[in-house]
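Notes follow the structure.
The values are calculated or read from the model by the stated rules, or taken from the named source; none is laboratory data. In this text, all values refer to a predicted model and were calculated from it rather than measured experimentally. Methodologically, a virtual Cβ is constructed for each residue, glycine included, from the backbone with ideal geometry; neighbour enumeration extends over all protein chains shown.
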């Protein structure tokens, strides 16, 4: 992919309006259809490779995992596993699988498919390991010692040691079950030809235009009411809103904040909101000067007027972030070091670090992306605040897919000094924020510690918290870790976004989920 070209993008957007209108009308002739306006092009439709909102939202309905998060919750319930047993020492999980389930290609779901789906990700010698890049594999399965087929409908997973988030991880997208036959058929192209057991089946993907899914009439949990769901990438927020109001899309995300009050008052539409399991932040490259110095990292934290960004740019569609962890998660604490807006303090710290006359840095910004809210406008506001304390931040923008390729890398020397990122929790466990994003064990490709930061004392706490089954003790450990991480200032946490979607009022029974998934199985479309 290339850097965003505005003139070419304009042509694509205009063309997309025409194509979308035609495809939406044609699809509607065959029954109820929901056309969803996404913020960016999905990267993959292989759930085991997903690492961004748009891919998950477009593709997650194709697949099931052994367990499922309940509606509007991260509590788990049975899915492809009807029940499970846990050994007294917390190290062996035995899953009893649902019988009579078929993949969309007509092949049988069974224990062999479960073993294939997991070992494909974690065993470098697996014959189909080279069919993908599995960014979540280490995080999801690092504690797994072995996976065994007991019989056709029983799977035993043994852990190296107790692992508190294990059941929650088994409901994540990385733990979904893929059709072995389809992976063998398509190889690396499985990401463009996904086959699962989910409530919707893949039909087609026209890059830059649309992804089409149709209902699975034989779904084990009951066939959806909606016949088709079409996902359209519309990068520009205003263009996406215009298409909703013109009627060519039915459901949109990332509403321009200035338009939200007007949309809420419009009786044609329904607005659904939920506090987000989300954090938007600026990442420091801790392997490069000047951000290998905690004083410089703290200075930038003091220099940015985060509240002004939330009120002015985001129109209070987010809440102020003081910690990497969002307030909706258990173990969140307010009792951390406060970086109030104080540019004199920022200048003082920069001078103490050896930069009394300021410095120049590179600042990467995506033009759109998963949970990125208003990335360019927010980046420009941050740039202006830094300029006032003598930090010249040179912005370079990238399209979202390219941006991910350039920021999720093993070699920190290829990264700029600072860049933007956001994270939406996958499983409702603090481990999914603090460990995967900030542990020294989780540098890419093992995880998403993109700034390559490390605090040995924090790492020790986070490892202990993962293997402690007592939630009260885990809470104590995570509170301690948050205090240390905020003092380390590995990020500038800006805000926690409120999840907001706007849809035609004919769409009923849609419920937001804390993970950001769009679930359409139980949705109805009224005439």
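For residue 464, all conditions in the list (1) in contact (Cβ under 8 Å) with a residue 60 or more places away in the chain; (2) part of a helix (DSSP H, G or I); (3) surrounded by fewer than 16 Cβ atoms within 10 Å (Cβ to Cβ) hold save one; what is the number of the exception?
Failed condition: (1).
Which condition number in (1) more than 30 Å from residue 222 (Cα to Cα); (2) at pLDDT below 95 is the one that residue 140 fails?
Single failed check for residue 140: (1).
Which of (1) under 23 Å from residue 399 (Cα atoms); (2) in contact with a strand residue (DSSP E or B) (Cβ under 6 Å, 6 or more places away or on another chain) does residue 238 not meet, given it meets every other one?
(2)
Residues that are closer than 20 Å to residue 453 by Cβ, part of a loop (DSSP other than H, G, I, E, B), assigned by TED's automatic domain parsing to the domain that holds residue 438 and touching a residue at least 12 places away in the same chain (Cβ under 8 Å): does the range 298-305 have at least one?
Yes, some residue in the range 298-305 is closer than 20 Å to residue 453 by Cβ, part of a loop (DSSP other than H, G, I, E, B), assigned by TED's automatic domain parsing to the domain that holds residue 438 and touching a residue at least 12 places away in the same chain (Cβ under 8 Å).
What number of residues within the range 116-144 are assigned to a helix (DSSP H, G or I) and surrounded by fewer than 20 Cβ atoms within 10 Å (Cβ to Cβ)?
The total comes to 5.
Could you list all residues from the range 154-193 that are in contact with a strand residue (DSSP E or B) (Cβ under 8 Å, 6 or more places away or on another chain) and outside the structural domain of residue 136 (by TED's automatic domain parsing)?
Correct list: 192, 193.
Could we say that residue 88 is assigned to a loop (DSSP other than H, G, I, E, B) and more than 28 Å from the chain's Cα centre (by Cα) here?
So residue 88 passes the test.
How many residues are surrounded by 15 or more Cβ atoms within 10 Å (Cβ to Cβ) and over 22 Å from residue 180 (Cβ atoms) when one looks only at the range 60-77?
Adding up the residues that qualify gives 3.
Any idea which residue in the range 310-347 is nearest to residue 386 (Cα to Cα), counting only those that are out of contact with any helix residue (DSSP H, G or I) (no Cβ under 8 Å at 6 or more places or on another chain) and touching a residue at least 40 places away in the same chain (Cβ under 8 Å)?
Out of the qualifying residues, it is 310.
Residue by residue through the range 94-115, note down the ones that are crowded, with 16+ Cβ neighbours inside 10 Å and either part of a loop (DSSP other than H, G, I, E, B) or touching a helix residue (DSSP H, G or I) at 6+ places or on another chain (Cβ under 7 Å) (or both).
If the condition is that a residue be crowded, with 16+ Cβ neighbours inside 10 Å and either part of a loop (DSSP other than H, G, I, E, B) or touching a helix residue (DSSP H, G or I) at 6+ places or on another chain (Cβ under 7 Å) (or both), then 97, 98, 101, 103, 104, 109, 110, 113 are the ones that fit.
Do you know which of the residues in the range 367-395 that are free of Cβ contacts under 8 Å to residues at least 40 places away in the same chain and under 20 Å from residue 39 (Cβ atoms) is nearest to the chain's Cα centre (by Cα)?
Ranking the candidates gives 376 first.
Could you identify the single residue in 261, 239 that is assigned by TED's automatic domain parsing to the domain that holds residue 41, surrounded by fewer than 18 Cβ atoms within 10 Å (Cβ to Cβ) and not in a loop (DSSP other than H, G, I, E, B)?
Going through 261, 239 in turn, just one is assigned by TED's automatic domain parsing to the domain that holds residue 41, surrounded by fewer than 18 Cβ atoms within 10 Å (Cβ to Cβ) and not in a loop (DSSP other than H, G, I, E, B): 239.
For the range 26-43, which residues satisfy the criterion of being buried (at least 22 other Cβ atoms within 10 Å of the Cβ) and either outside any loop (DSSP other than H, G, I, E, B) or modelled with pLDDT of 95 or more (or both)?
Residues satisfying the conditions are 34, 35, 36, 37, 38.
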